[in-house]
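Asker: I have a structure here, written as structure tokens, and I will follow up with some questions on it.
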Amino acid sequence: MADGIEVQRRRALDVSALPNVVFSVRSTTWLGTVGMMFIEGGVFALVVAAYFYLHSRTEHWPPGFLPPDLFWGTINTIIFVLSVIPTEWYRRRAHHGDLAAVRIGLILASLIGLANLVVRYFELRHLNCEWSQSAYGSVVWLLMGLHVTHLLTDWVETLVLTKLFFSPHIEGKRFVDAEENASYWYFVVLTWIPIYLVLYWAPRWLRS
Amino acid sequence: MSEQRAVMRLEPVLPEKEQARAAQLAEVWKEPPGFIGWFKAIHHTTIGKRFILTAFAFFLAAGLLAGAMRLQLAFPESHLMSPDLYNQIFTMHGSTMMFLFAVPMMFEALSVYLVPLMLGTRQIAFPRLNAYSYYLYLFGGLMLFAFFFVNSGPDRGWFAYVPLSGPDYGPGKRADIWAQLITFTEVSALCVAVEVVVTTFKLRAPGMSLNRIPIFVWGQVVTAFMVIFAMPGVVVASTMLLLDRTCGTQFFNPAVGGDVLLFQHLFWWFGHPEVYIIFIPGTVIVSTVLSTFCRRHMFGYLAVILSLIATGFIAFGLWVHHMFATGIPQMSESFFTAASMMIAIPTGTQIFCWIATITTGKVVLKTPMWWVLGFFFVFIIGGMTGIYVASVPVDLQVHDTYFIVAHFHYVLIGGAVFPLFAAFAYWFPKMTGRMMSEKLGLWSFWLFTIGFNVTFFPMHIVGLRGMPRRVYTYPAGAGWTVLNQIESLGYLFLFAGVAMFLVNVWRSLKRGELAGPNPWQAGGLEWAVPSPPPAYNFLNLPTVNGSEPLWDAAPDQPIVTGLKEDVREVLTTRILDAEPEGRDEMPAPSIWPFLAAVATTALFIGSIFRPIAVSIGAIPLGITLIAWFWPTREESERRRKQDIWQTE
């Protein structure tokens, strides 16, 4: 600056020391994912409400069918519940940037997702109803179809992320992605529990 | 540095350095040039302007359809158009106004453009998703009109009740097209809702704690939450309808356990909050314009915010009042009547706060303020007929008559279109850098207001005289002719009012007075930046001291420094107190959101004809989405070197 002229000064809040790799509620994508969970959770809740609304309009439930066979649905539920253990492990390791752990965790998650999908195929074969026969069948298949869609999209997402973790794209953001992938998986698991109860147990408990 | 905190410093003010910074920021944040660049653009002001123009174009198109209806009804026993065409036209008018104009304009367009500016940040959260939602909305609207021009416009009314729209009574593809129009616009609105919530939660200027968020933004956040909770209802309803029609499901077939009222419940679970999704942005425009033109802070800021939130909650307890004529149990009717009356409490609170702001302020009567006064007059009439129809016996009497048509045009045009024109007059200088003509503004206000009342007030009377809605003609001796002719005459005034507005826009763009950053001496942060805002919005990110940041700023109000200016970086702050908490790099422009929207469009339109299109269409959609998220190697390497991890 020119000599003799006093430089004007102003107060400034310097934010350069703030982190850019942040997790959970501090991350914008995490909050965005939670927003999407509210939307998708809302869809699930309304379809479950439709299930019971249709039940209230029908004399027999299920109307002239056997309830879905318990075996495959229960197997899948067990896989879902157990999957939480490796998921929580790699989610926590992601916070520390533990590359090896996250790689193993994502491979496990991909395999578990595949197992869920295979068992889901058998579940679909043992629902004991068709969507075109009755409103009961329609709502059972819609609820199941919605959950299959979530399972499938999450699985593809996990595969893509696993591939990224074995590419030169490793950076802080990837670990944030890994944490969010785990959170979304919890959403898939948590929505499955009530859906399992509705699809497999409600017809048994409500049977007149 | 180990401590991850923002630090206050004294910094020299160097004008030459500021200029160099501005040039660099402009380069970093600029939209890509050229024809292909147009499809890659992702800045919120660019996408916001496109949303506004597109929604206004649909408003004009739906307005012309209304003109066709008024022409048809101007004479009894008219055969100008066939009943079939008339059915398509009123369905197109309603669907376009609700799904392609009202929600996209009041919520998506205005919040995408204004919310990041009002919060003092440089970009909306998830800008690529934002571009994707715009294209999806545009394509959905174009699809609807394309099918209309080949005589396949939906013709079952804007809510497409089953069984009329179901597989047995709705042959052809018309109802399917309606169902997919819904899907397009809902996906678009839901994405924007998430963006608005996250932008408001995380990207506010330091100091903008919850009790300092501008009322406009509060309103749009409440609206966004309502979108998030309400829209799944219509997603489920329209999906079930489409499945019944194309896949042979039986949701609405009473012969095998289905139920037609299920559709109405799901539809109005969305449809009633929808009214507030349109109206809440209107009320917060009113609050914003009022405090500027009464030259004072809004009276009862906290009461207004709590009213908005209360309206958001109560709106979910009212849906059955659209179904009073369906034979539901009397107990539910009483409950929903009470709930409907209850909405008057928060609305009344807001009205009292507005009146108090006006009476205790120094009122400056400019065009935006005139539109706000028009809003009071029209909306209060609409609110009063609302009390009539909330009561079951009255509702049963006037259900499906023109009384209802009059009522909802008074609340929707009063509650949304009047505030919208106030918003145009108010923010036009910000968006374009030029003032609109006051004289032409007043002309369009008076033409529109007179035209509106001449068109819609007689509908109350003709409705009480028994004229049903949605009839393509009526007998000459029914006592409805003169009233219908007055209504059609009123349309001409409405048309002239809107035409005058367009002339005003055209002339002002060319010859309007230069606006400067803050022509109204308003208090919001959007007025701190040049008009129109540069690509980076704020040269120096602001800090905030009150709910009207420019009015409340301290003499030495600090600015924010230390963000990277060679990449698109923004500051993130804590949800409650807006303390600085992190830095986030925004994505660069990309063609993939556009291509993903094309792939989604192919899937949605394909599904109208063949269910398998969903499975096949998922493949290109998946590819475009993966390409959208795939980082470049340079980006990853650059960031890896500079990453600062959060310390637990």
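Asker: So A:A45 fits all but one of (1) without any contact (Cβ under 8 Å) to a residue 40 or more places away in the chain; (2) at the interface with chain B (Cβ under 7 Å from one of its Cβ atoms); (3) open to solvent by less than 70 Å² (accessible area, probe 1.4 Å); what number is the exception?
Answerer: Only one criterion is unmet by A:A45, namely (2).
Asker: Taking only pairs six or more apart or across chains, which ones have beta-carbon atoms under 6 Å, a first residue in the stretch A:12-30 that is within 7 Å of chain B (Cβ to nearest Cβ) and in a strand (DSSP E or B), and a second residue that is open to solvent by 30 Å² or more (accessible area, probe 1.4 Å) and aromatic (F, W, Y)?
Answerer: From the stretch A:12-30, the pairs are A:V21/B:W645.
Asker: Something else now. What residue, among those in the stretch B:267-303 that are under 18 Å from B:M118 (Cα atoms) and hydroxyl-bearing (S, T, Y), is most open to solvent (accessible area, probe 1.4 Å)?
Answerer: Among residues in the stretch B:267-303 that are under 18 Å from B:M118 (Cα atoms) and hydroxyl-bearing (S, T, Y), the one most open to solvent (accessible area, probe 1.4 Å) is B:Y301.
Asker: On to the next question. Could you pull out every one of the helices (runs of 4 or more DSSP H) wholly within the stretch B:1-116 that has 2 or more residues that are within 14 Å of another protein chain (Cβ to nearest Cβ)?
Answerer: Ranges flagged: B:15-29.
Asker: Next up: Those residues that are open to solvent by 30 Å² or more (accessible area, probe 1.4 Å) and outside any loop (DSSP other than H, G, I, E, B), I need them from the stretch B:534-560; list them, please.
Answerer: B:L550, B:W551, B:D552, listed by residue number.
Asker: Kindly check whether there is at least one residue in the stretch A:133-154 that is at the interface with chain B (Cβ under 8 Å from one of its Cβ atoms) and either touching a strand residue (DSSP E or B) at 6+ places or on another chain (Cβ under 9 Å) or within 25 Å of A:F23 (Cβ to Cβ) (or both).
Answerer: Within the stretch A:133-154 (the criterion being at the interface with chain B (Cβ under 8 Å from one of its Cβ atoms) and either touching a strand residue (DSSP E or B) at 6+ places or on another chain (Cβ under 9 Å) or within 25 Å of A:F23 (Cβ to Cβ) (or both)), the answer is no, since none of the residues qualifies.
Asker: When you scan the stretch A:46-78, how many residues do you find that are touching a helix residue (DSSP H, G or I) at 6+ places or on another chain (Cβ under 8 Å) and over 18 Å from A:Y136 (Cβ atoms)?
Answerer: Total satisfying the criteria: 5.
Asker: So which of B:F424, B:F452, B:F448 ends up being under 17 Å from B:P281 (Cβ atoms) and either surrounded by fewer than 24 Cβ atoms within 10 Å (Cβ to Cβ) or not assigned by TED's automatic domain parsing to the domain that holds B:F293 (or both)?
Answerer: Only one candidate passes the filter, namely B:F424.
Asker: Let me ask another. List the residue pairs whose Cβ atoms are under 6 Å apart, where the first residue sits in the stretch B:154-169 and is free of Cβ contacts under 8 Å to residues at least 12 places away in the same chain, the second is surrounded by fewer than 17 Cβ atoms within 10 Å (Cβ to Cβ) and assigned to a loop (DSSP other than H, G, I, E, B), and the two are 6 or more positions apart or on different chains.
Answerer: If the second residue must be surrounded by fewer than 17 Cβ atoms within 10 Å (Cβ to Cβ) and assigned to a loop (DSSP other than H, G, I, E, B), the pairs left are B:Y169/B:P163.
Asker: Here is a follow-up. Since B:V222 meets every condition but one in (1) under 28 Å from A:W30 (Cβ atoms); (2) at the interface with chain A (Cβ under 7 Å from one of its Cβ atoms), which condition does it not meet?
Answerer: Only one criterion is unmet by B:V222, namely (2).
Asker: Give the number of residues within the stretch B:249-264 that are polar (S, T, N, Q) and under 16 Å from A:A49 (Cβ atoms).
Answerer: Residues in the stretch B:249-264 being polar (S, T, N, Q) and under 16 Å from A:A49 (Cβ atoms): 1 in total.
Asker: Does the stretch B:391-401 contain at least one residue that is outside the structural domain of B:L266 (by TED's automatic domain parsing), touching a strand residue (DSSP E or B) at 6+ places or on another chain (Cβ under 7 Å) and not in a helix (DSSP H, G or I)?
Answerer: yes
Asker: While we're on this one: Show the residue pairs that are 6+ apart or on different chains and have beta-carbon atoms under 8 Å apart, the first residue being within the stretch B:24-50 and open to solvent by 10 Å² or more (accessible area, probe 1.4 Å), the second being modelled with pLDDT of 95 or more and basic (K, R).
Answerer: B:V28/B:R568; B:E31/B:K40; B:P32/B:K40
Asker: For the stretch B:251-266, give me each residue that is in a loop (DSSP other than H, G, I, E, B), at the interface with another protein chain (Cβ under 7 Å from one of its Cβ atoms) and crowded, with 24+ Cβ neighbours inside 10 Å.
Answerer: B:F251, B:G257, B:G258 - these are the residues of the stretch B:251-266 that are in a loop (DSSP other than H, G, I, E, B), at the interface with another protein chain (Cβ under 7 Å from one of its Cβ atoms) and crowded, with 24+ Cβ neighbours inside 10 Å.
Asker: In addition: Identify, from the list A:G73, A:G105, A:G35, the residue that is crowded, with 20+ Cβ neighbours inside 10 Å, at the interface with chain B (Cβ under 7 Å from one of its Cβ atoms), part of a helix (DSSP H, G or I) and at pLDDT 95 or above.
Answerer: A:G35
Asker: Residue check, B:S78 against (1) small (G, A, S); (2) over 18 Å from B:L181 (Cβ atoms); (3) buried (at least 19 other Cβ atoms within 10 Å of the Cβ), all met but one. Which one?
Answerer: Among (1) small (G, A, S); (2) over 18 Å from B:L181 (Cβ atoms); (3) buried (at least 19 other Cβ atoms within 10 Å of the Cβ), the lone unmet condition for B:S78 is (3).
Asker: Give the residue that is nearest to B:P368 (Cα to Cα), with candidates limited to residues of the stretch B:281-333 that are in a loop (DSSP other than H, G, I, E, B) and of a type outside the set (A, V, I, L, M).
Answerer: B:C294
Asker: Next question, about the same structure. Give me the residue from the stretch B:229-243 that is open to solvent by 10 Å² or more (accessible area, probe 1.4 Å) and at the interface with chain A (Cβ under 10 Å from one of its Cβ atoms) and, out of that set, farthest from the chain's Cα centre (by Cα).
Answerer: B:L243
Asker: Filter the stretch B:578-627 for residues that are touching an Asp or Glu at 6+ places or on another chain (Cβ under 6 Å) and within 14 Å of chain A (Cβ to nearest Cβ); which is farthest from B:R204 (Cα to Cα)?
Answerer: Going through the qualifying residues, I end up with B:E585.
Asker: Here is a list of conditions, (1) in contact with a Pro (Cβ under 9 Å, 6 or more places away or on another chain); (2) facing chain B (nearest Cβ under 9 Å); (3) not small (G, A, S), and A:H126 meets all of them except one; can you say which number that is?
Answerer: A:H126 satisfies all of (1) in contact with a Pro (Cβ under 9 Å, 6 or more places away or on another chain); (2) facing chain B (nearest Cβ under 9 Å); (3) not small (G, A, S) except (2).
Asker: So, one more: Please go through the stretch B:166-195 and pick out each residue that is closer than 25 Å to B:M226 by Cβ and either not assigned by TED's automatic domain parsing to the domain that holds B:G258 or not aliphatic (A, V, I, L, M) (or both).
Answerer: Scanning the stretch B:166-195 gives B:W178, B:Q180, B:T183, B:F184, B:T185, B:E186, B:S188, B:C191, B:E195.
Asker: Moving to a separate point now. Looking at (1) surrounded by fewer than 24 Cβ atoms within 10 Å (Cβ to Cβ); (2) within 23 Å of B:Y410 (Cβ to Cβ); (3) of a type in the set (A, V, I, L, M), can you tell me which one B:L306 breaks?
Answerer: Condition (2) is where B:L306 drops out.
Asker: Evaluate the stretch A:76-93: report whether one residue or more is closer than 23 Å to A:T153 by Cβ, more than 11 Å from chain B (Cβ to nearest Cβ) and in contact with a Ser or Thr (Cβ under 8 Å, 6 or more places away or on another chain).
Answerer: yes
Asker: How many residues are of a type outside the set (S, T, N, Q), open to solvent by less than 70 Å² (accessible area, probe 1.4 Å) and either under 17 Å from B:L64 (Cα atoms) or part of a helix (DSSP H, G or I) (or both) when one looks only at the stretch B:504-519?
Answerer: The total comes to 1.
Asker: Shifting gears a bit: Does the stretch A:112-123 contain any residue that is open to solvent by less than 60 Å² (accessible area, probe 1.4 Å) and under 22 Å from B:I623 (Cα atoms)?
Answerer: The answer is yes; a qualifying residue exists.
Asker: State yes or no: is B:G172 more than 27 Å from the chain's Cα centre (by Cα) and either within 9 Å of chain A (Cβ to nearest Cβ) or among the polar types (S, T, N, Q) (or both)?
Answerer: No, not satisfied.
Asker: A further question on this structure: Go through the stretch B:628-643 and count every residue that is facing chain A (nearest Cβ under 7 Å) and farther than 14 Å from A:V21 by Cβ.
Answerer: 2
The values are calculated or read from the model by the stated rules, or taken from the named source; none is laboratory data. The shown structure was predicted, so the numbers you read here are calculated from the model rather than taken from an experiment. In this analysis, Cβ positions are derived from the backbone assuming ideal geometry, glycine residues included, and neighbour counts consider all displayed protein chains. What goes into the accessible areas is simple: the full protein's heavy atoms, side chains included, and nothing from ligands, DNA or RNA. Shrake-Rupley method; radii C 1.70, N 1.55, O 1.52, S 1.80 Å.
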